[in-house]
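Visitor: Can you keep this structure in mind? I'll have questions shortly.
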Amino acid sequence: MILQELLEQAKSLALAQNIPETDFWFLISYYLHLSRSEIILSRQRILTDWEGEIIGNAFSRLEKGEPPQYITGTAYFYGLDLKVNPAVLIPRPETERLVELTMERLKGTERILDIGTGSGAIAIALKHNLPSLNVSATEISFSALETAKKNAEIYRADIHFYLSDCFPPVKQSYEVLISNPPYISKAEIATLNSRIKDKEPVIALQGGEDGLDFYRKLLSESSEYLSENGFLALEHSDTQKEAIMNIARKEGWTKIEPLKDLTDKDRYLFIYR
């Protein structure tokens, strides 16, 4: 088989199974160690039997609803190759923008707490790009925390990890509290694509009946952990901005900066003490 035939197969399967063709390209790129442009330039490449077999098996898993990142065990985030598995949420591009916006507001020596770290994506990206930061991270899932620790080891990122629902067991102050918390409502979970609701950890998706439970907890308790002039950096869904801002105001937060993602949707709140 030549690569061109594999690409035609991927296109056909994508249409038949209603799967993004980019997911098939992700697998091809991973197993052949080729960028998208290199794939295009290598269409006449003859695949080895091993390449054909392993990519064929990966395609079959994709057809059964498994996310491509779980198939390869790798997700790309802010220039990092992170190890992922069904215990952690797959990092999204929107969260890369949260990291970018946060770094724009840092001097580079702050103490930062990443709450609900999952794969460690946010914490590691911050520490990797600004090594002088003092970064800590919490995670309620033991399996997820172990994954985050492994990713930190790969990038030699010195991060203090804690197994905790929200804040570390040892009370300390931080200049920045950052989080992409579970924010999908109980009713909305049922409407999600099965590749998300059935494969990714529900604990990292569902934020209670209305999706706002985690924000209530953060906004009611964060002032005890935030240093003077510190701030909260939060990601949320594109329909939750006003509700979260109202919660923040009721809890006494007065300086709130809403920001949009790269598709011009409300996505982030920077809330200052």
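Since every read-out is calculated from the coordinates, none of them should be taken as a lab result. Worth saying up front: this structure is predicted, and the values here are computed from it rather than measured. For neighbour counting, all protein chains shown are included, and Cβ atoms are generated from backbone atoms with ideal geometry for every residue, glycine included.
Visitor: If amide hydrogens are placed 1.01 Å from N in the peptide plane, which non-local residues have theirs closer than 5 Å to the one on Asn134?
Guide: Glu110, Arg111, Ile112
Visitor: To continue, here is another question. Given R₀ = 25 Å, what would the calculated FRET efficiency be for Ser164 paired with Lys186, taking r from the Cβ atoms and rounding to 0.05? Walk me through the intermediate numbers first.
Guide: On the way: r = 24 Å, r/R0 = 0.94.
For Ser164 and Lys186, the calculated efficiency is 0.60.
Visitor: Next question. If we count GluC sites (Glu not before Pro) as exposed when they sit in a DSSP loop and have at most 10 other beta carbons within 10 Å, what is the longest stretch of the chain that avoids them all? Working shown, then result.
Guide: Numbers: sites that count: Glu104, Glu209.
The reported range is 105-208.
Visitor: Please work out the Cα center distance from the stretch 70-120 to the stretch 170-207, rounded to the nearest Å.
Guide: Each part's Cα centre sits 14 Å from the other's.
Visitor: Treating cross-link reach as a plain straight distance, find the aspartates and glutamates whose alpha-carbon is under 17 Å from the alpha-carbon of Lys199, omitting any fewer than eight places away in the same chain.
Guide: Partners found: Asp23, Glu63, Glu66, Glu188.
Visitor: Please list, ordered by chain and number, the residues whose modelled amide H lies under 5 Å from the amide H of Leu226; skip anything fewer than 5 residues away on the same chain.
Guide: Here the answer is Tyr174, since their amide H atoms fall under 5 Å of that of Leu226.
Visitor: Additional query: Ranking Val170, Val202 by Cβ neighbours within 10 Å, fewest first, what do you get? List each step's numbers first, then the result.
Guide: On the way: Val170 9, Val202 13.
Least to most surrounded, the residues fall as Val170, Val202.
Visitor: If the only charges are +1 at each Lys and Arg Cβ and -1 at each Asp and Glu Cβ, what is the size of the charge dipole of the stretch 77-272 around the Cα centre, to the nearest 20 debye? Could the numbers behind the result be given before it?
Guide: Details: 24 positive and 30 negative charges, 36 e Å.
Its charge dipole is roughly 180 debye.
Visitor: Quick check: residue separation of Glu228 and Glu21 times 0.36 nm, minus the Cα distance between them. What number comes out in nm? Working shown, then result.
Guide: Numbers: separation 207, 0.36 × 207 = 74.52 nm, distance 4.81 nm.
Here the answer is 69.7 nm.
Visitor: Suppose R0 equals 35 Å. What FRET efficiency, 1/(1 + (r/R0)^6) with r the Cβ-Cβ distance, do Glu53 and Ser220 give to the nearest 0.05?
Guide: Numbers: r = 54 Å, r/R0 = 1.54.
Between Glu53 and Ser220 the formula returns 0.05.
Visitor: Let me ask something else about it. Could you give the nm distance between label points at Glu257 and Glu38, where each point is 7 Å from its Cα heading toward the beta carbon?
Guide: Taking the simple label geometry, Glu257 and Glu38 are separated by 3.9 nm.
Visitor: Shifting gears a bit: In deg cm²/dmol, rounded to 500, what helix-only [θ] at 222 nm does the chain give when every DSSP H run of at least 4 residues adds -39500 (n - 2.57) and the total is split over its residues? Numbers along the way, then the final one.
Guide: Values: 12 runs with 113 residues, N = 273.
Calculated mean residue ellipticity at 222 nm is -12000 deg cm²/dmol.
Visitor: Would you mind computing, in nm to one decimal, how far apart the modelled labels at Phe142 and Thr74 are, each placed 7 Å from Cα along Cα→Cβ?
Guide: Those two pseudo-labels are separated by 3.0 nm.
Visitor: Quick one: net charge of Glu209's neighbours, Cβ under 11 Å, K/R +1, D/E -1?
Guide: Working: positive: Lys186; negative: Glu188, Asp210, Asp213.
Overall, the nearby charge balance is -2.
Visitor: Going by amide H atoms built from the backbone, whose H comes under 5 Å of the H on Ile140, apart from near neighbours?
Guide: Correct list: Ser164.
Visitor: I need the shape label for the stretch 204-273. Rule: rounded when a/c is under 1.5, else prolate if a/b > b/c, else oblate, with a, b, c from the alpha carbon gyration tensor.
Guide: oblate
Visitor: What's the FRET efficiency of Lys250 with Glu153 using the Cβ-Cβ distance as r and R₀ = 51 Å, to the nearest 0.05?
Guide: Numbers: r = 41 Å, r/R0 = 0.81.
Efficiency, from the Cβ-Cβ distance: 0.80.
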